[in-house]
2 protein chains.
Amino acid sequence: MIDDSAPPHVRRWAIRVEFDGRHYVGWQRQKSGLSVQQLIEEAAYRVAANRPVSSITAGRTDSGVHAAGLVAHLDFPAEANITAKAVRDGINYHLKPHPIAILEAALVPPHWNARFSATWRRYCYTILNRPARPALLDGTVWHIRQSLDLDAMQQAANYLIGWHDFSSFRAAACQARDALRTLDELSITRQDDKILIHTQARSFLHHQVRNMVGTLALVGSGQWPAERVKQALEAKDRCKAGPTAPADGLCLMDVGYPENPFDPS
Amino acid sequence: MIDDSAPPHVRRWAIRVEFDGRHYVGWQRQKSGLSVQQLIEEAAYRVAANRPVSSITAGRTDSGVHAAGLVAHLDFPAEANITAKAVRDGINYHLKPHPIAILEAALVPPHWNARFSATWRRYCYTILNRPARPALLDGTVWHIRQSLDLDAMQQAANYLIGWHDFSSFRAAACQARDALRTLDELSITRQDDKILIHTQARSFLHHQVRNMVGTLALVGSGQWPAERVKQALEAKDRCKAGPTAPADGLCLMDVGYPENPFDPS
């Protein structure tokens, strides 16, 4: 059993983060380019008077994926005796001009862990469903020209809700031990020329949301009957499901915990 | 009386346009930089087999102001015998990679004029009202850290609704003959950490929306009592009202006509 608690010489801060993912290789540090993690840790280093700060996230987003409410924790040196406001505003100051913002910060107990304490993750995937290409929403939507059938998509989505082996919707690179997950929500609504796909689960497999959306789009465009999604799920074979939807449309909206660390009460 | 009808050798097309204004000097052609008008006319020139196409807009947006539904008309050579779909898709093709998109195109009678036939314009101004600076909405909102009092802002806004001399809210450079306008709507709502100010009128003076928003923000932050907006209006003096809000938060949402030219019926 790994002990994920903060060592005694650090103070652990939970942060809620918003970022425009199109400029980064994703959350996690990589040699191939600039990551959100690196930028936040470097800004926190400045706030901690040039002492290293490490971070753990509740959700490693891929390159191009956005966040409106990613939660992570930062381990600051205990001597850095600062307020929540100073953590938030100080990191935001040093993150400029990057489109990354700390929305909230809160001191949490040493055993609290952004990743392992989380009980649900919530994503929204946005399809811009109109003939004209995106202008105002460029980079934050998947553009599909052909009008999609929402009723058929929701019917197909309903096959995926509940406890299943999601092997058919899991990236080859996925490192999870098994593909058994419970999908709590997969709801599809239209808002003007946008289609919003809201989904929530305790945890998701690598690329699971984008693979589900890519498959639902096949149903929406009439290329697949809704029932074929049930067969794809039961096949437990990635080749039987649809393609991976682009990263642009995906946004990590929120992460849930037994007790909200940011709750001021 | 000026005759704004299309000459007999042209066919007039109404277009609805979406664009991200932060990259341009505004709608209108200017020597100082790239305008939306220039880019659309150049793309239309290609669609019209290299013959000039001229345009008139219902609303000249300033530099940095966005549009979700600006309406303009384009005068194509009559020999360019093309469909509405070809106008829309052709111009969009040639506009790439600019964040400007023609949402709809419709053939209109020669006497129809995007500017003079319009009976109302509708704008939305977005304030991001939270401590953290914008990340996902950077460039499309006015960021105000201090929590604003919406009730006070709405009370102040109500003084501006109706028929008034809006000299106090008019840019020095405004070319309108007089400042008498009827403001039909100025409503303020909160949506998560955003404050949306929706406003509609037959027509607006230059900078009128931004000057009203800049003044309402003084009320929202408690620097002004709501009643001072009534006094500012009655003074008919630009110096008595608040500052001009930044262009970033403003978006031209829609333009109305006695008959919707894009109505397929």
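The values are calculated or read from the model by the stated rules, or taken from the named source; none is laboratory data. Here the structure is a predicted model, which means the values were calculated and not measured. Neighbour counts run over all protein chains shown; Cβ positions are idealised from the backbone, glycine included.
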- Query: Among the numbered criteria (1) within 17 Å of the chain's Cα centre (by Cα); (2) surrounded by 18 or more Cβ atoms within 10 Å (Cβ to Cβ), which single criterion is violated by B:GLY139?
  - Reply: (2)
- Message: Which condition from (1) touching a Lys or Arg at 6+ places or on another chain (Cβ under 9 Å); (2) within 12 Å of chain B (Cβ to nearest Cβ); (3) of a type in the set (D, E, K, R) is the one that A:LYS85 breaks?
- Response: (1)
- Please tell me if B:ASP248 is of a type outside the set (Phe, Trp, Tyr), within 14 Å of chain A (Cβ to nearest Cβ) and touching a Lys or Arg at 6+ places or on another chain (Cβ under 8 Å). yes
- Return a yes/no flag: does the range B:120-128 have any residue that is surrounded by fewer than 18 Cβ atoms within 10 Å (Cβ to Cβ) and in contact with a helix residue (DSSP H, G or I) (Cβ under 7 Å, 6 or more places away or on another chain). no
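With respect to B:LEU103, is the statement that it is in contact (Cβ under 8 Å) with a residue 24 or more places away in the chain and either among the β-branched types (Val, Ile, Thr) or within 12 Å of another protein chain (Cβ to nearest Cβ) (or both) true? Lay out the reasoning, then the answer.
Numbers: in contact (Cβ under 8 Å) with a residue 24 or more places away in the chain: yes; either among the β-branched types (Val, Ile, Thr) or within 12 Å of another protein chain (Cβ to nearest Cβ) (or both): yes.
When the stated conditions are applied, B:LEU103 passes them.
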- Selection status of B:ALA44, away from chain A (no Cβ under 14 Å), at pLDDT below 95 and outside any strand (DSSP E or B): no
- Message: Being under 30 Å from A:ALA135 (Cα atoms) and exposed (fewer than 15 other Cβ atoms within 10 Å of the Cβ) is the requirement here; does A:PRO258 meet it?
- Response: no
- Restricting the search to the range A:116-141, which residues are more than 10 Å from chain B (Cβ to nearest Cβ) and assigned to a loop (DSSP other than H, G, I, E, B)? A:PHE116, A:SER117, A:ALA118, A:THR119, A:VAL141
- Note on the structure: In the range A:52-69, anything more than 14 Å from chain B (Cβ to nearest Cβ) and among the aliphatic types (A, V, I, L, M) is listed as A:VAL53, A:ILE56, A:ALA58
- Would you say A:LEU160 is closer than 29 Å to A:ARG145 by Cβ and touching a strand residue (DSSP E or B) at 6+ places or on another chain (Cβ under 9 Å)? yes
- Query: Taking the range B:15-38 on its own, how many of its residues are buried (at least 23 other Cβ atoms within 10 Å of the Cβ), touching a Phe, Trp or Tyr at 6+ places or on another chain (Cβ under 8 Å) and in a loop (DSSP other than H, G, I, E, B)?
  - Reply: 0
- Task: Inspect all residues belonging to the range A:161-168 and state whether any of them is free of Cβ contacts under 8 Å to residues at least 12 places away in the same chain and on the phi > 0 side of the Ramachandran plot.
- Result: no
- Task: Within the range B:211-218, identify whether any single residue is outside the structural domain of B:VAL108 (by TED's automatic domain parsing), closer than 16 Å to B:ARG121 by Cβ, surrounded by fewer than 21 Cβ atoms within 10 Å (Cβ to Cβ) and not acidic (Asp, Glu), and answer yes or no.
- Result: no
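Just to check your reading of the model, which residue among B:HIS94, B:HIS98 is farther than 20 Å from B:GLY139 by Cβ and either among the hydroxyl-bearing types (Ser, Thr, Tyr) or touching a residue at least 12 places away in the same chain (Cβ under 8 Å) (or both)?
None of the others qualify; the one that does is B:HIS94.
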- Message: Checking B:ASN113 against (1) within 14 Å of chain A (Cβ to nearest Cβ); (2) over 30 Å from B:ILE188 (Cα atoms), only one condition comes out false. Which one?
- Response: (1)
- Query: Quick one: would you say A:TYR93 is surrounded by fewer than 20 Cβ atoms within 10 Å (Cβ to Cβ), over 17 Å from A:PHE19 (Cα atoms) and over 16 Å from the mean Cα position of the chain (by Cα)?
  - Reply: no
- Message: The conditions are (1) without any contact (Cβ under 8 Å) to a residue 60 or more places away in the chain; (2) out of contact with any His (no Cβ under 7 Å at 6 or more places or on another chain); (3) part of a strand (DSSP E or B), and A:HIS73 fails exactly one of them. Which is it?
- Response: (1)
- What single numbered condition from (1) under 16 Å from the mean Cα position of the chain (by Cα); (2) within 30 Å of A:GLY139 (Cβ to Cβ); (3) more than 14 Å from chain A (Cβ to nearest Cβ) fails to hold for B:ILE144? (1)
- Query: Any residue at all in the range A:148-155 that is away from chain B (no Cβ under 14 Å), part of a loop (DSSP other than H, G, I, E, B), modelled with pLDDT of 95 or more and over 28 Å from B:ASP138 (Cβ atoms)?
  - Reply: yes
- Message: Take the conditions surrounded by fewer than 16 Cβ atoms within 10 Å (Cβ to Cβ), away from chain A (no Cβ under 14 Å) and hydrophobic (A, V, I, L, M, F, W, C) and apply them to B:ALA201. Does it pass?
- Response: no
- Determine which member of the set A:ALA72, A:ALA49 is at positive phi and more than 14 Å from every other protein chain (Cβ to nearest Cβ). A:ALA49
- Message: Can you pull out every residue in the range B:106-154 that is more than 21 Å from B:GLY21 (Cα to Cα), without any contact (Cβ under 8 Å) to a residue 60 or more places away in the chain and small (Gly, Ala, Ser)?
- Response: B:ALA132, B:SER147
